[in-house]
Amino acid sequence: MCGITGYLGYKNALSIILTGLKRLEYRGYDSAGAAVVVDEGDGSKLMIRKSVGKVAALEQACSSDETMKRATVGVGHTRWATHGAPSDINAHPHASSSGRFAMVHNGIIENFAELKAGLERSGYKMKSETDTEVLVCLIESIQKQSSCTLEEAVRLALHEVRVIVSTWNILSYHTSVKG
């Protein structure tokens, strides 16, 4: 069963997220992942780590990354596969193609194949087999086409999906443009 945890504050977000994911281990899952936003001084950077297996494998994958440990905002996910086999690629979070936001999602998007086909016709190349990646790409596509806010793009995208009980979380950041 999937689980979502997140943190926004002043402490090490990655540590708090990993602790939260460990507390969700009793639910059963096949992979885990985390996304954090790190302030780089001249802008922000979205960083994602994912792994098949226990949260300990994710923790190991993140252990030597000092940059991720500086983050004070992030989201984590444990996944029980419904679309796509357990793999690092299919694990959550999934990032938008621009890399400006990431999403974790629990639930099933019933019409994901139809939405995926439309996005692929528009030029999107999916990396995973998941319905979550389809949703994150749909949100990004709507935002680009409508020149709207992320919040409005999410609202419009959710009108296009058919779901069986769903929860999700989006991690977004904005960079300063110098020029």
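The values are calculated or read from the model by the stated rules, or taken from the named source; none is laboratory data. Predicted model only: the values in this text are computed from it and were never measured. Don't worry about glycine lacking a Cβ; one is built from the backbone with ideal geometry, like all the others, and counts go over all protein chains shown. With ligands, DNA and RNA removed, areas are computed over all heavy atoms of the protein, side chains included. Shrake-Rupley method; radii C 1.70, N 1.55, O 1.52, S 1.80 Å.
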| message | Run the simple label-point estimate for residue 15 and residue 122 please: 7 Å along Cα→C-beta, distance reported in nm. | response | 4.1
| remark: Of the candidates 17, 37, 2, the farthest towards the positive dipole end of the range 1-52 (Lys/Arg Cβ +1, Asp/Glu Cβ -1, centred on the Cα centre) is 2
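Output the pairs from 69/116; 45/127; 69/125; 22/144 with a Cα-Cα distance over 27 Å in this structure; if there are none, say none.
On the way: 69/116 34 Å; 45/127 20 Å; 69/125 31 Å; 22/144 37 Å.
Check vs 27 Å cut-off fails for 69/116; 69/125; 22/144.
Largest first and in whole Å, give the semi-axes of the range 1-118's equivalent ellipsoid, each being the square root of 5 times a Cα gyration tensor eigenvalue. Display every interim value, and only then the final one.
Working: eigenvalues 108, 65, 26 Å².
Over the Cα atoms of the range 1-118, the semi-axes work out to 23, 18, 12 Å.
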| remark: Any DSSP H helix in the chain with Cα axial reach of 18 Å or more and mean Kyte-Doolittle score of at least -1.0? Listed by number, the hits are 131-146
| How much length, in nm to one decimal, is gained on full extension between residue 67 and residue 42, taken as 0.36 nm per residue of separation minus their Cα-Cα distance? | 7.5 nm
| message | Sequence gap at least 6, Cα distance under 8 Å: using those rules, report the relative contact order of the chain to the nearest whole percent. | response | 24
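Whole number please: convex hull volume per residue of the Cα set in the range 43-171, in Å³?
Cα convex hull per residue, to the nearest whole number: 113 Å³.
For the range 8-74, build the convex hull from the C-alpha positions and give me its volume per residue in Å³.
Details: hull volume 4.7 nm³, N = 67.
Looking at the range 8-74, the number lands at 71 Å³ per residue.
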| Over the chain, what percent of the accessible surface lies on carbon and sulfur atoms, probe 1.4 Å? | 52
| said: Using a probe radius of 1.4 Å on heavy atoms only, what accessible surface per residue do you get for the range 25-179? Whole Å² is fine. | reply: 50
| Approximate spin-label separation residue 113-residue 162, in nm, with each point projected 7 Å along Cα-to-Cβ | 1.2
